[in-house]
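Right, one structure below, let's go through it.
The values are calculated or read from the model by the stated rules, or taken from the named source; none is laboratory data. Keep in mind the model is a prediction, meaning the values are calculated, not measured. All Cβ positions, glycine included, derive from the backbone under ideal geometry; neighbour counts span all protein chains shown.
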Amino acid sequence: MDQSPPLPQNSQARFCGLAAASLVLGMAGFLPLFGRDYFLLWLCLCSIPAIIAGHLARRRIRKSNACLTGSSLAFAGLILGYVTLVVLLNIHDDSGAMMRARRVSSERSAQALEGAVENFHTEYNCLPEVGNQVTTDTGDGVRLLTILLGLEAASGQHQNPRCSRFLAVRETRTKANGLLYQPGGRSVEGLYDSWGNPFTVVLASRNQETLQFSVGAKHYTLNDRRAAVYSPGADKKPGTADDIKSW
């Protein structure tokens, strides 16, 4: 609480510096709206100080017996401080919700791809012959997608002779968040997570139901599985906490 005594009535009226500070800080609080990476820093340096300075300035002006001016500026700074505080917090909440939505979408693609491999095995009693580890934007990985989508007829391959469509995922027009087809829609270009990373598919060896593999520095042993799917997630670094995994 501001404990400064009121100024004498015969003092010459002068401008309250806190009022100007509140207004400047309140206006500066809008700067991170053009770049959201530093919103917490801006809350601490601008929006919250603008609110505090605005309240202190108005209290000091009220107690000054009309010897201090600037109440309108202090009020404006106070309002701007509250507005930027609310807006920045909402932006943060929206960013968090968007990140969660992107994770969910990517996890669904990874789980759908693993499920498609399992369904292929149920149908043909074998796994697609593409190797034990592929990525979904290169030759063997694209071949795996082609097999699981039942598009082999166009490529002359016959691992899925019934042309059953085992894989159902979101389609996209860019290299992010879904299945991307080549122009014309007859062949596949790749499958990507929400941040543009291809998925890695690990397949069990013949007649095995145990997977052993490493992602970055982490080693996994998964029992009773014929396939596992992962991607490096938002930070694009495999083996970190934000990895997308099907297990």
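Numbers for the structure displayed
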{"item": "Close pairs (9 angstrom Cβ cut-off, 6 or more residues apart or separate chains): of a type in the set (Asp, Glu) and modelled with pLDDT of 95 or more in region 219-247, surrounded by 18 or more Cβ atoms within 10 Å (Cβ to Cβ) and not in a loop (DSSP other than H, G, I, E, B) anywhere", "result": "Asp243/Val215; Asp243/Tyr230; Asp243/Ser231"}
{"item": "Tally, over region 137-155, of residues that are buried (at least 20 other Cβ atoms within 10 Å of the Cβ), without any contact (Cβ under 8 Å) to a residue 60 or more places away in the chain and outside any loop (DSSP other than H, G, I, E, B)", "result": "7"}
{"item": "Residue in region 156-170 that is over 30 Å from Leu25 (Cβ atoms) and outside any loop (DSSP other than H, G, I, E, B) present", "result": "no"}
{"item": "Among (1) of a type outside the set (Val, Ile, Thr); (2) closer than 30 Å to Gln208 by Cα; (3) not assigned by TED's automatic domain parsing to the domain that holds Asn177, the one test that Glu114 misses", "result": "(3)"}
{"item": "Some residue of region 227-237 being surrounded by 13 or more Cβ atoms within 10 Å (Cβ to Cβ), in contact with a Leu (Cβ under 8 Å, 6 or more places away or on another chain) and closer than 15 Å to Ser194 by Cα", "result": "yes"}
{"item": "Test for Ala50: is it over 16 Å from Leu31 (Cα atoms), crowded, with 21+ Cβ neighbours inside 10 Å, assigned by TED's automatic domain parsing to the domain that holds Val24 and in contact (Cβ under 8 Å) with a residue 12 or more places away in the chain", "result": "no"}
{"item": "Selection status of Thr69, among the polar types (S, T, N, Q) and at pLDDT below 90", "result": "no"}
